[in-house]
Amino acid sequence: MVFPTIEFAAFFAVVFVVSWALQPHPSAWRPFILAASYFFYGWVDWRWVLILIASSVVNTFASQVIARSPSAATRKRALVGAIVFDLGLLCVFKYLSFFVTQTDDALDGIGLGSTVPLVQIVLPIGISFFTFQAISYVVDVYRGETRAASLMDVAILQAFFPHIVAGPIVRANELLPQLRTPRDPRAVLAGPAIFLIVGGIVKKTVIADELARRIVDPVYSDPSAHSGAEVLLAFYGFAAQIYCDFSGYTDMAIGLALLLGYQLPQNFNRPYLALSLQDFWRRWHMTLSRWLRDYLYIPLGGSRKGRAKTYRNIMITMLLGGLWHGASWTFVLWGGIHGTALSAERFARERFPGFRLPAWAAWLVTFNVVCVAWVFFRAPDLHTAFAVLGGLGLGGPSPLVTLPLVFLVVASVAIQAVPREWWRDAEAWLVARPVAVQGIAVGAVIVAADAAVGQQGVAPFIYYQF
Amino acid sequence: MEPSADRDLTMPAGRVLGVILIALAIAALFNSEALVRAGEGMKPGRTRDIVLSVGRPLDDAAGFIGLHLPREGLDLAFGQEPKTAAGTELERGSNAILRQNRKKEVRQSFVQPTRAHPLRVLVTGDSQAEFLGQRLIDQGPSELLDVTTVARNGTGLTNPAFFNWEINARQEVETRDLDAVVMAIGDNDGFNVQTPDGSLYDPGDPGWETEFARRVAVVSSVLSSGGKRPVYWVPPPTARDPKFNRIFRIQNRAVERATRAVPALRYVDVYSTLGHGRYSDELTIDGKRVLARQPDGIHFTRDGAVAPARLILDAMAEDFPALRRR
């Protein structure tokens, strides 16, 4: 089920009422919210729910063994077993086709040929997210950072419908304690929730889809047929599109959870205002960044084992972070660019400790490095990516470059500079209005957003494919 | 999400429910046409029936009291063109358009592309058009082709209440200067069809094939602007699911039939040419095996779309010899 659709609106209205009605009765609320989440997830294909249930069962079993066994070796075996299972799921559904194709190419390349059948496997939506969440849960139990939970709680942690499809990646100690305490129906954080949901809809429909349709998709479809100005607008346009698309989704996810009384972690914190790549990764897809830091970079040794190993760890983390997005060399290169830039930054900091770029220059460099990396993220192959970069300096007529599109790109960056206090003022103002005014205002934005999308409908969220 | 310490940003759940219900009511009333259209675009089933049974009377009532006006104003402001309308030839025309056209026997001639004036091609249709358009660009002589791809996801010829391809075709030929059109469509055409005389046919009925052929003829006539430019029609390829293949075979026959009536219409037979009419996830292209189909067993992957794109180029080369692949 997709958020801004008729089906979801009806689904959420029912879930909202029943969820609050059952809050005083946790033994009834838990099966209800789990069933609702499975219904949401299985809307397209019910078989995906079986994969999710299998993941919850295996990870619950492993975490219970870890929590109860007095033997360190047994605990470790349970942890490794769970991680192998989780990564195995990911490998089969997400990477098997890629590895088979690459093996076939390699065997072909040395004249051996191959009889391995190339098969296309359906990728269950959100598998990368719930798998990472499962790994973080068992590792946290192993580390003693969270208590082993019941199967029901683990299943809800993984399947909770606002975040299952595209995050945020929630850690057990963020959601499980909330599940154990009934929510207060007298104090729903409605101000931030409404702003997040409505803002997310506007970001997705008015900015992301519009930029995709009018400039990004045409240019990436055939960069050589477009002038330098059009390629440049698509270059920055995709940065704006992916921010509005992905943060729009997670804003809606966080807002919907808030309406049900649950707080999910922040996933974006004005990323395009970052003054360094390190700063960018503290602001962009924050729940993935901290996952990679806590469960990959630090276990690899982080920055504790000397300079060379620190750079190695940064590169491994970013390359695997790229591969997490999809089985493609373009994603690997995207991760490689970030890894290289982060390493270069670190090197410069250590080599020239007193040197600081002016803030405007630091912003300019950071933003443009991020945009160059996005080219590889968006392009269907390396050839197209280099064609886009090569097309930036060309001349020619530019009918696709229009003032409204330039405005959308600038606005998507500029809006991040709006002080938080202003948003809080607006939320407080909205909360103080009568219910009818609030409802009419929200309804009017939905009508306008639907008009912006037009008859082609809302395009799938970019992060659905991951 | 940190709540503000000095302001109350909370509301009771009951009030929130009020906001949700009012917002949904406003959206449904002022967007009733979109509600009906969304229902029309859904797969047949209970959800579609519910949406339409609520949406249609709501839309009638909203139209009656003038609640369509704000949305029409917004559509105008956002530059949205209507893609549905009543009384088009697609829904009301006659089968006379399917009568064999004698002119067809004489091959038409079109202005040939040069480096100075490359062939302006529109690749359109449903979601299948996306990769075909991309691959047409890199498989053809790039200096002789200027390709624009506009994929209308989820659309077909059997559901003009959701998306009317005759109207869209008129808008495309009026707003673009085109030398040729590639139309790849049919993946979403599993619906029953109503003929202009009111008869209802399911896929598989002989009447369905005739009606589908008529609709192909109507849309291709508009796209060709009465023979001014060729239209290369690409019905769906074989699918993994035999249920789809039954419908796709009928569609292919219908398109072939329409080509006998519309002089500028060309049928590109991907169905029986690729894999000799047998479905496979993979294809061998230039001696290399590639994963040719997406997990749904219908759509081509980007790698796999090379094969149908070459078939389209071969068909185009019949009219534009300079496009012949070397």
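The values are calculated or read from the model by the stated rules, or taken from the named source; none is laboratory data. From a predicted model like this one, the values you see are computed outputs, not experimental measurements. When we count neighbours, we look across all protein chains shown, and the Cβ atoms used for this are built from the backbone with ideal geometry, even at glycine. Areas reflect the complete protein model, heavy atoms only, side chains present, ligands, DNA and RNA absent. Shrake-Rupley method; radii C 1.70, N 1.55, O 1.52, S 1.80 Å.
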ask   = Accessible surface of A:Ile121 in the full protein assembly, 1.4 angstrom probe, to the nearest 10 Å²?
value = 40
Whether segment B:56-158 is rounded, prolate or oblate, judged on the alpha carbon gyration tensor where a/c under 1.5 counts as rounded = oblate
key: chain B: angle of helix B:242-259 to the longest principal axis, Cα-based, in degrees nearest 10   = 60
query = Percent antiparallel among DSSP beta bridges with both residues in chain B, to the nearest 5?
reply = 25
note = So for R0 = 30 Å, FRET eff. of A:Ala426-B:Thr175 from the Cβ-Cβ r, to 0.05, ends up at 0.15
key: FRET E, pair A:Gln102, A:Ser224, Förster distance 30 Å, beta-carbon r, rounded to 0.05   = 0.60
message = Let me check something: with ligands and nucleic acids excluded, how do A:Met286, A:Met152, A:Met252 order by accessible area (1.4 Å probe), largest to smallest?
response = A:Met152, A:Met286, A:Met252
key: Residues of segment A:44-62 with amide N under 15 Å of the 7 Å Cα→Cβ point at A:Leu151   = A:50-62
Surface accessible to a 1.4 Å probe, B:Asp49 within the full protein complex, Å² = 90
The protein assembly as shown - share of DSSP beta bridges that are antiparallel (%, nearest 5) = 30
task = Counting only DSSP beta bridges with both residues in segment B:145-304, tell me the antiparallel percent, nearest 5.
result = 45
ask   = With no solvent and one point per C-alpha, what does the Debye sum give as log10 I(q)/I(0) for the protein assembly as shown at q = 0.05, 0.07, 0.10 Å⁻¹?
value = -0.28, -0.57, -1.19
task = Using only atoms on other chains, find how many Cβ atoms lie within 10 Å of each Cβ of peptide B:25-33 and report the average.
result = 5
request  = Could you let me know the centre-to-centre spacing of segment A:238-295 and segment A:134-194, using Cα atoms, in angstrom?
outcome  = 17
message = I'd like the accessible area for B:Leu74: 1.4 Å probe, protein heavy atoms, all chains in place, Å² to the nearest 10.
response = 50
Solvent-accessible ranking of A:Thr287, A:Thr5, largest area first, probe 1.4 Å = A:Thr5, A:Thr287
inquiry  = For peptide A:62-71, what's the mean number of Cβ atoms from other chains within 10 Å of each residue's Cβ?
reply    = 0
key: Sorted peptide list for A:450-461, A:417-428, criterion being average Cβ within 10 angstrom, highest first   = A:450-461, A:417-428
note = From most to least accessible, 1.4 Å probe, no ligand or DNA/RNA atoms counted, A:Leu176, B:Leu17 line up as B:Leu17, A:Leu176
task = Within a 10 angstrom radius of each residue's Cβ in A:16-24, how many Cβ atoms of other chains show up on average? Whole number is fine.
result = 2
key: the protein assembly as shown: calculated mean residue ellipticity at 222 nm from DSSP helix runs of at least 4, using -39500 (n - 2.57)   = -18000 deg cm²/dmol
task = Work out Dmax and Rg for segment A:1-122 from the C-alpha atoms and quote the Rg first, both in angstrom.
result = 21.1, 68
Residues of segment A:131-153 with amide N under 13 Å of a point placed 7 Å along Cα→Cβ from A:Leu320 = A:132, A:135-136
